[in-house]
1. Kindly provide the set of residues from the stretch 29-50 that are surrounded by 15 or more Cβ atoms within 10 Å (Cβ to Cβ) and in a loop (DSSP other than H, G, I, E, B), ordered by number.
2. Restricting attention to the stretch 10-28, which residues are free of Cβ contacts under 8 Å to residues at least 24 places away in the same chain and open to solvent by less than 10 Å² (accessible area, probe 1.4 Å)?
3. Could you say whether any residue in the stretch 58-77 is under 23 Å from VAL10 (Cβ atoms), hydroxyl-bearing (Ser, Thr, Tyr) and at pLDDT 75 or above?
4. Pairs, please: C-beta under 6 Å, at least 6 apart or cross-chain, first residue closer than 10 Å to ASP74 by Cα and among the hydrophobic types (A, V, I, L, M, F, W, C) and in the stretch 108-121, second modelled with pLDDT of 85 or more and assigned to a strand (DSSP E or B)?
5. Does ARG42 meet the test of being modelled with pLDDT under 95 and of a type outside the set (Val, Ile, Thr)?
Amino acid sequence: MTLVTAGVVVLDCAEPEKLAAFYMELLEAEETVTTVNRIEIRAAEGTRMEFRLDANMTPPSWPRAEASFQVHLDFRVSDLDEAERRVVGLGGRALETNDAGTPYEERGYADPAGHSFTLRRDGSTAPEQL
(Lines give C-alpha, C1' and ligand atoms only; values in the text may rest on other atoms or scores of the structure.)
Protein backbone atom coordinates (compact mmCIF):
# COMPACT_ATOMS: atom_id res chain seq x y z
CA MET A 1 0.00 0.00 0.00
CA THR A 2 1.34 3.41 -0.98
CA LEU A 3 1.62 5.83 1.92
CA VAL A 4 1.93 9.00 -0.16
CA THR A 5 0.48 9.37 -3.63
CA ALA A 6 1.16 11.98 -6.30
CA GLY A 7 -0.19 15.32 -5.30
CA VAL A 8 -1.21 18.47 -7.06
CA VAL A 9 0.67 21.74 -7.53
CA VAL A 10 -1.26 24.55 -5.85
CA LEU A 11 -0.68 28.19 -6.82
CA ASP A 12 -2.06 30.96 -4.63
CA CYS A 13 -3.45 33.89 -6.58
CA ALA A 14 -5.90 36.78 -6.39
CA GLU A 15 -7.88 35.61 -9.45
CA PRO A 16 -8.14 31.79 -9.58
CA GLU A 17 -10.51 31.78 -12.55
CA LYS A 18 -8.15 33.87 -14.67
CA LEU A 19 -5.06 31.83 -13.77
CA ALA A 20 -6.88 28.51 -14.26
CA ALA A 21 -7.95 29.67 -17.74
CA PHE A 22 -4.32 30.55 -18.60
CA TYR A 23 -3.02 27.10 -17.61
CA MET A 24 -6.00 25.26 -19.13
CA GLU A 25 -5.15 26.78 -22.51
CA LEU A 26 -1.40 26.35 -22.11
CA LEU A 27 -1.63 22.69 -21.06
CA GLU A 28 -4.77 21.85 -23.06
CA ALA A 29 -6.32 20.81 -19.75
CA GLU A 30 -9.83 20.57 -18.40
CA GLU A 31 -11.37 21.84 -15.19
CA THR A 32 -12.01 18.94 -12.83
CA VAL A 33 -12.98 20.47 -9.47
CA THR A 34 -14.32 23.89 -8.55
CA THR A 35 -15.04 25.11 -5.02
CA VAL A 36 -15.54 28.57 -3.56
CA ASN A 37 -11.78 29.09 -3.12
CA ARG A 38 -10.16 26.59 -5.52
CA ILE A 39 -10.16 25.44 -9.11
CA GLU A 40 -8.38 22.23 -10.13
CA ILE A 41 -7.39 21.34 -13.68
CA ARG A 42 -5.97 18.16 -15.23
CA ALA A 43 -4.07 17.86 -18.50
CA ALA A 44 -4.39 14.81 -20.75
CA GLU A 45 -1.02 13.41 -19.66
CA GLY A 46 -2.00 13.71 -15.98
CA THR A 47 -0.53 17.03 -14.81
CA ARG A 48 -2.76 18.38 -12.05
CA MET A 49 -2.78 21.97 -10.83
CA GLU A 50 -4.96 23.89 -8.40
CA PHE A 51 -5.46 27.64 -8.09
CA ARG A 52 -6.35 28.85 -4.59
CA LEU A 53 -7.85 32.23 -3.80
CA ASP A 54 -5.55 34.44 -1.74
CA ALA A 55 -6.56 38.08 -2.05
CA ASN A 56 -3.35 39.16 -0.26
CA MET A 57 -0.97 37.14 -2.42
CA THR A 58 2.21 38.99 -3.37
CA PRO A 59 3.55 37.93 -6.78
CA PRO A 60 7.10 36.58 -6.86
CA SER A 61 9.74 39.05 -8.01
CA TRP A 62 12.16 36.60 -9.63
CA PRO A 63 14.84 37.19 -10.79
CA ARG A 64 15.13 40.01 -8.22
CA ALA A 65 16.16 38.82 -4.75
CA GLU A 66 13.23 40.17 -2.71
CA ALA A 67 10.32 37.67 -2.54
CA SER A 68 11.97 35.76 -5.38
CA PHE A 69 11.01 32.10 -5.63
CA GLN A 70 7.76 31.01 -4.08
CA VAL A 71 7.30 28.21 -6.61
CA HIS A 72 8.84 27.32 -9.95
CA LEU A 73 7.37 25.09 -12.64
CA ASP A 74 9.10 23.41 -15.58
CA PHE A 75 7.18 22.34 -18.68
CA ARG A 76 8.62 20.31 -21.53
CA VAL A 77 7.76 21.42 -25.06
CA SER A 78 8.62 20.20 -28.54
CA ASP A 79 8.88 23.70 -30.10
CA LEU A 80 10.12 26.61 -27.96
CA ASP A 81 9.11 29.33 -30.42
CA GLU A 82 5.56 28.01 -30.80
CA ALA A 83 5.20 27.54 -27.04
CA GLU A 84 6.47 31.09 -26.44
CA ARG A 85 3.89 32.51 -28.84
CA ARG A 86 1.20 30.60 -26.97
CA VAL A 87 2.39 31.80 -23.53
CA VAL A 88 2.53 35.45 -24.61
CA GLY A 89 -0.80 35.17 -26.44
CA LEU A 90 -2.40 33.87 -23.24
CA GLY A 91 -1.09 36.79 -21.17
CA GLY A 92 2.22 35.41 -19.88
CA ARG A 93 5.46 37.37 -20.17
CA ALA A 94 9.09 36.50 -20.80
CA LEU A 95 11.48 36.71 -17.83
CA GLU A 96 14.57 35.40 -19.59
CA THR A 97 14.87 34.01 -23.06
CA ASN A 98 18.03 32.01 -23.53
CA ASP A 99 18.84 31.44 -27.17
CA ALA A 100 17.17 28.17 -28.18
CA GLY A 101 20.50 27.20 -29.79
CA THR A 102 22.27 27.00 -26.42
CA PRO A 103 22.81 23.59 -24.84
CA TYR A 104 20.11 24.31 -22.28
CA GLU A 105 17.30 25.09 -24.72
CA GLU A 106 15.00 26.70 -22.17
CA ARG A 107 13.24 30.00 -21.57
CA GLY A 108 11.79 31.58 -18.43
CA TYR A 109 8.32 33.15 -18.18
CA ALA A 110 5.79 34.47 -15.68
CA ASP A 111 2.11 33.60 -15.77
CA PRO A 112 -0.49 36.41 -15.49
CA ALA A 113 -0.28 36.27 -11.66
CA GLY A 114 3.54 36.49 -11.66
CA HIS A 115 4.49 32.84 -10.92
CA SER A 116 7.63 31.88 -12.79
CA PHE A 117 7.97 28.83 -15.00
CA THR A 118 10.37 27.45 -17.55
CA LEU A 119 9.69 26.01 -20.97
CA ARG A 120 12.36 23.42 -21.76
CA ARG A 121 12.69 21.74 -25.12
CA ASP A 122 11.82 18.05 -24.80
CA GLY A 123 14.90 15.94 -25.39
CA SER A 124 17.28 18.78 -24.50
CA THR A 125 20.93 18.16 -25.21
CA ALA A 126 21.98 20.02 -22.05
CA PRO A 127 24.52 18.27 -19.83
CA GLU A 128 23.05 16.70 -16.70
CA GLN A 129 23.53 18.68 -13.53
CA LEU A 130 24.33 16.97 -10.26
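The values are calculated or read from the model by the stated rules, or taken from the named source; none is laboratory data. These numbers were taken from a predicted model, which means no experiment stands behind them. Every residue, glycine as well, gets a Cβ built from its backbone with ideal geometry; the counts of neighbours run over all protein chains shown. The area values use the complete protein model at the heavy-atom level, side chains included, leaving out ligands, DNA and RNA. Shrake-Rupley method; radii C 1.70, N 1.55, O 1.52, S 1.80 Å.
1. THR47
2. none
3. Yes, there is a match, as at least one residue in the stretch 58-77 is under 23 Å from VAL10 (Cβ atoms), hydroxyl-bearing (Ser, Thr, Tyr) and at pLDDT 75 or above.
4. What qualifies is PHE117/TYR109; LEU119/PHE75; LEU119/VAL77; LEU119/ARG107.
5. So ARG42 fails the test.
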